[in-house]
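Only one structure is covered here, and it is reproduced in the block below.
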Amino acid sequence: MLKIKKMWPFKRGQPPKRWWQYLALAGIVLTVNSMMLMLRLLPTFQVTVATVAPHMHLPGPIMGINTIASPLERAFHFQLQGDPCSDPNATQEQKNQCLEGTSGSGTYTGDGKIQNPISKGNALFFFTPADITIDNGSVRNLWGLMLFFVDMLLALIIALNGLRVIFAGSVFRYASAIENLPGILLAIIVAHISLVFMTMMIGLNNNMVEGIYTFAQTNPNIHRSASGFGAGDKKLYTLHLFFPSAFQTDEHTYESQTNVTWQDAAKKWPGPDAPQGSGASSTSIDVKQFNQDMICQVYQINFDRTRRDKLFGNGDGAPLYMYLDSVVRWMKLQTDAHGESINPQDQADLNKMSGTMKSDIATMGVQPLKWYQDWQQMNDEIDRILKDDFKYTRTLPDPFFTSRLQYNVAISYLFFGGARGPDPQSGPDYIGDAIIYSCENDATGTTFQLVPDKLDFTSLFDNLQSLGDATQIVAKILALMFLAQMIIRLFFINLYIITAPLGIVCWALPGKVGQPVARLWLQGFISTVMVQFLMVVALIVIQVLLGNMLAFVGGDPNHIIGNLSDGTLRDIMRIACLWFVARIPSLIGNAPMRTLTSAGQMMGQAVGATIAMQITQFQMITQVASSAVSIAGAAR
């Protein structure tokens, strides 16, 4: 029976791994970092690198690539090109380039595609800083102290193995002491270079996070689609236009186009730019108030009949070209009867003004604004001739001047009136050509915020104001959970750095009793460092797919699932996204990751308890005040 068990193939155990086989992990890390270091020299990579902290100057090794490259740079005296974004003597132009994300390797493009789940301008979620972990002086000193203890322990282990070798001459069962010496020597080497290994791991994490973040931010093929659901913030936006028609009868033609988008309207019927310093708005100014992902519906279209009647009459432009004809005839009369003279070329230009204006108005559908441009040029030309050629009468008579002023006011109202009104002097007609849109931002569009701007939860009055919108409080709590997780993660990294020599030396303990401890240290350190990359990947995935997910989950935007409001549905999606990313550490399942998850939950409980205590305190104060008022009333 014993012979059968020995021959049974399924009982054959796996051969134990030799010590050199554990170097595979270090080899993989070194190879990947070498590749990333070569990428560091590419100019395109240097330009497109982006962090998530605008205006933030990261000390020491600025980003992940530098975290790896800096030891080599010190060794070979290799200095990378100076970064103007961190140069206090940089010019204003260089600073502007930094803010725009077009210069340097530590800049932020300002794009809201991938938002920060903690707070704007804070790189804690996306970056493991070297100056408070592996490059911190206190941490290095504590690591050196642990290394001293390890050296003493290993010296003791070598002495004990020496005794075993001495006894091996007479007792062969102690001969295994020779086999332990390579492991002890390896433990000594690894413990002394553990700081280099941990630097490489932290740098690798920063490289991977920076690489995927920059790729997602700069790649135009990766974008968040519009969900089709509004954010619940409807407002009216006026778009000043000019409908290219001189006929009042075309009012119905333009005002019936209720399906025209603001993009199409601004492209088809643009008005002229408003004069500088006038304070008026125009098409080119109005389009800046719209976002590409806005959900807009036409609220009102105004085709200004009254101003067209004053300027164009029955559509032939008689008021304008007859005014010009009258002015030209008056100027000619001045040359004939009052001794004024006009340059022949100027006289030829004056003679063509009336006909040119009539032609411009007739071809308004082809060149909508040519009549307006010619009107300005013709009046400037008339003023110039009066000033340069005339000797006695250098200004227009009051009737002509008043008429020109009235026409200019009508033109200004037509272009820049913006559907104001109705006009009390011209009946129910509104002033100016314009379309008023009722718009709201897309629920997952450019105005979407993953977390609130303000995360303070200690203000009683702010908490009372937030009671009407519980989803905002939940989003704030989840953001604070992220903050707690990232802080605890840094504490764990420093703990693993300091205890690295102890964790490694356990691998060399006699009888292999310490190998589980060394394995726990290695797994804990790698998972704690690299979980940041996993969380960033999850963050990118949810934000890129947020619009598509909301469009699928919400159903019809006009009949939202569960009769939810647009704002509530958006907040539910935001909470789901934040909760998903917050639970990523639990996927790894080891002790430090469970602690990170518990730390986030603890922060949520602390915030909830703080708010509950504040509300209870407010209720007690209110009750005491009401009781005092009642007692005072009874005493009277």
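The values are calculated or read from the model by the stated rules, or taken from the named source; none is laboratory data. It should be emphasised that the depicted structure is a prediction, and the values quoted were computed from it without experimental measurement. Cβ atoms come from the backbone with ideal geometry, glycine included; neighbour counts cover every protein chain shown. Side chains included, ligands, DNA and RNA excluded: accessible areas come from the protein's heavy atoms. Shrake-Rupley method; radii C 1.70, N 1.55, O 1.52, S 1.80 Å.
Annotations
- Carbon plus sulfur fraction of accessible area for the range 308-412, probe 1.4 Å, in percent: 51 percent
- Close amide-amide hydrogen proximity is noted between Tyr299 and Ile436, Tyr437, Ser438, each under 5 Å apart and 5 or more residues distant or on a separate chain (H modeled in the peptide plane; Pro and chain starts excluded).
- Full extension of the chain between Val260 and Arg329 yields a length gain of 20.3 nm, computed as 0.36 nm times the residue separation minus the alpha carbon distance.
- Counted by Cβ distance under 10 Å from Gln257, the other residues give a net charge of -1, where Lys and Arg count +1 and Asp and Glu count -1.
- Positive-end residue of Ile342, Asn379, Ala318, charge dipole of the range 308-412 with Cβ unit charges: Ala318
- Rounded to whole Hz, the Karplus (6.51, -1.76, 1.60) HN-Hα couplings of the range 471-479, x for glycine and proline: 5, 5, 5, 4, 4, 5, 5, 5, 4
- Sequence-distant residues sharing a close amide H with Ile431 (under 5 Å, placed H): Ala419, Arg420, Gly421, Asp423
- Among the listed pairs Lys332/Lys391; Lys310/Lys387; Lys235/Lys288, those beyond 25 Å (Cα-Cα): Lys310/Lys387
- Protection proxy ranking of 351-357, 137-143 - average other beta-carbon atoms within 10 Å, highest first: 351-357, 137-143
- P(r) tail fraction, the range 308-412 - alpha-carbon pairs more than 17 Å apart, %: 51 percent
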